[in-house]
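Here's the structure, in structure tokens; my notes come after.
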Amino acid sequence: MKKENIYRRIALGTVQFGQVYGVANQRGQVQRSEVFDILKYAQEQGIELLDTASAYGESENVLGEFLAQEKNAFQIVSKLPANSQANASFVQQSILDSLHQLNVSRLYGYLIHQFEDFEKCPDVVSASLQKLKEEKRVEKIGFSLYHPSELEFLWKHGVPFDLLQIPYSILDQRFELYLKDLKKSGTEVHARSLFLQGAVFLDPKDLKGNLQKAQTQIQQLHDFSSREKLSIQAMCLNFVLLNPCIDKVIIGVDGLDQLKKNLNDVLSISMVEKTYPSLLKLRIDDERIVVPKNWN
Ligand SMILES: NC(=O)c1ccc[n+]([C@@H]2O[C@H](COP(=O)([O-])OP(=O)(O)OC[C@H]3O[C@@H](n4cnc5c(N)ncnc54)[C@H](OP(=O)(O)O)[C@@H]3O)[C@@H](O)[C@H]2O)c1
């Protein structure tokens, strides 16, 4: 597979640019100057999309400063802030705030970030998102989900959407069953948490809380890595890239070094293909273990 085609399917997550984030983070929030270096490098390598949200602290503002100088450098996906009483004017004002922070006139995607809020007033929020599309403030509307049950709710109630962001990785394949139907329906699918917020890089002995229950699978991943001479990031990234139903793979990095390593190692996709059947077996369906908010 040509490098350009692989890199075009990679998107950059940006929560790390707006706040301290990640279960293994030793570096804190990425400094503004390093964020600019990361974005410049990503742009040069052919990465086309950034994933952000108004809830990611300074992220939209930092990206906005870069985009003010590098107009249209990236497609942007942002997300509606949490609000249990979301109404039409809240949705309208929220996207205007994001467009202002980001220094752009329209977004590629705008997603519901808190599914619980949507469940409380689905019709209002859904109609408001549709209106944003008609006003050409956004090209694609959709949801960022945590649980397959949320997708079932959307299908059951016939809620229209163009774009879905889901957690999908070697350890978390809970959405696997739905991917073919999503593809058939023409939905664009973005996968995140390929590194389980960085937990896959940790020594299994250092895992805490419910994550300790993933020790066996993470140890097996490390054993595969040394036996197959493939880095953890090479296996995690390519496992998801090998799934034709996934359009974009969102990765988070805490530094330019991590991005360079990840983009270099993703090129060993053909070697990962051989281990794919074994990696499929490392899945964990217990949401206490694979859903970060349950990690306590
Ligand atoms: N609900 C939502 O919509 C939602 C939820 C979560 C994330 N997201 C999006 O997804 C993006 C990615 O976040 P994620 O939670 O999914 O994280 P992830 O991609 O699973 O993991 C990212 C973390 O992995 C570690 N890492 C990455 N490359 C590495 C390397 N080469 N070597 C060692 N460590 C490395 C870094 O953490 P350390 O340096 O700390 O190890 C980094 O912060 C976010 O920026 C955000 O845009 C969205």
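From the list Q26, Q16, pick out the single residue that is within 13 Å of the ligand (Cβ to nearest atom), surrounded by 17 or more Cβ atoms within 10 Å (Cβ to Cβ) and of a type outside the set (D, E, K, R). Only one candidate qualifies: Q16. Any residue that is surrounded by 14 or more Cβ atoms within 10 Å (Cβ to Cβ), within 15 Å of the chain's Cα centre (by Cα) and modelled with pLDDT under 90 - is there at least one of those in the range 37-47? Among the residues of the range 37-47, not one is surrounded by 14 or more Cβ atoms within 10 Å (Cβ to Cβ), within 15 Å of the chain's Cα centre (by Cα) and modelled with pLDDT under 90, which makes the answer no.
For F153, which of the numbered conditions (1) surrounded by 15 or more Cβ atoms within 10 Å (Cβ to Cβ); (2) farther than 19 Å from P122 by Cα fails to hold? Only one criterion in (1) surrounded by 15 or more Cβ atoms within 10 Å (Cβ to Cβ); (2) farther than 19 Å from P122 by Cα is unmet by F153, namely (2).
Screening the range 208-290 for helices (runs of 4 or more DSSP H) wholly inside it with 1 or more residues that are charged (D, E, K, R) returns the ranges 215-228, 256-265, 269-280, 287-290. Among residues that are surrounded by fewer than 14 Cβ atoms within 10 Å (Cβ to Cβ), more than 11 Å from the ligand (Cβ to nearest atom) and among the charged types (D, E, K, R), R227 is included.
Among all residues of the range 48-71, there is none that is among the basic types (K, R) and either surrounded by 15 or more Cβ atoms within 10 Å (Cβ to Cβ) or not in a loop (DSSP other than H, G, I, E, B) (or both). Only one entry in N243, N238 is free of Cβ contacts under 8 Å to residues at least 60 places away in the same chain, within 29 Å of G142 (Cα to Cα) and away from the ligand (no atom under 11 Å from the Cβ), namely N238.
Going through the range 152-199 one residue at a time, which ones are over 11 Å from the mean Cα position of the chain (by Cα) and of a type in the set (D, E, K, R)? E152, K156, D162, D172, R174, E176, K180, D181, K183, K184, E188, listed by residue number. Looking at the structure I just gave you, is V91 outside any helix (DSSP H, G or I) and β-branched (V, I, T)? Considered against the rule, which asks whether it is outside any helix (DSSP H, G or I) and β-branched (V, I, T), V91 comes out as no. Only one entry in L154, L164, L177 is part of a helix (DSSP H, G or I) and either closer than 30 Å to S105 by Cβ or within 13 Å of the ligand (Cβ to nearest atom) (or both), namely L154. Against the condition within 13 Å of the ligand (Cβ to nearest atom) and in a loop (DSSP other than H, G, I, E, B), how does V35 come out, does it pass? No: the conditions fail for V35.
Name the residues in the range 169-193 that are open to solvent by 20 Å² or more (accessible area, probe 1.4 Å) and among the β-branched types (V, I, T), would you? Hits for the range 169-193: nothing passes.
Scanning the range 106-150 for residues that are closer than 27 Å to A68 by Cβ and polar (S, T, N, Q) turns up just one, S144. Within the range 25-50, residues that are charged (D, E, K, R) reach partners that are away from the ligand (no atom under 15 Å from the Cβ) with beta carbons closer than 7 Å, at six or more positions or on different chains, in the pairs E48/R8. Residue count for the range 230-272 satisfying the condition of being hydroxyl-bearing (S, T, Y) and open to solvent by 40 Å² or more (accessible area, probe 1.4 Å): 1.
On the stretch given as the range 111-127, residues that are aromatic (F, W, Y) and more than 12 Å from the ligand (Cβ to nearest atom) total 1.
The values are calculated or read from the model by the stated rules, or taken from the named source; none is laboratory data. What you are looking at is a predicted structure, and each value in this text was computed from that prediction instead of being measured. When we count neighbours, we look across all protein chains shown, and the Cβ atoms used for this are built from the backbone with ideal geometry, even at glycine. Remember, those area values only see protein heavy atoms, side chains included, never the ligands or the DNA or RNA. Shrake-Rupley method; radii C 1.70, N 1.55, O 1.52, S 1.80 Å.
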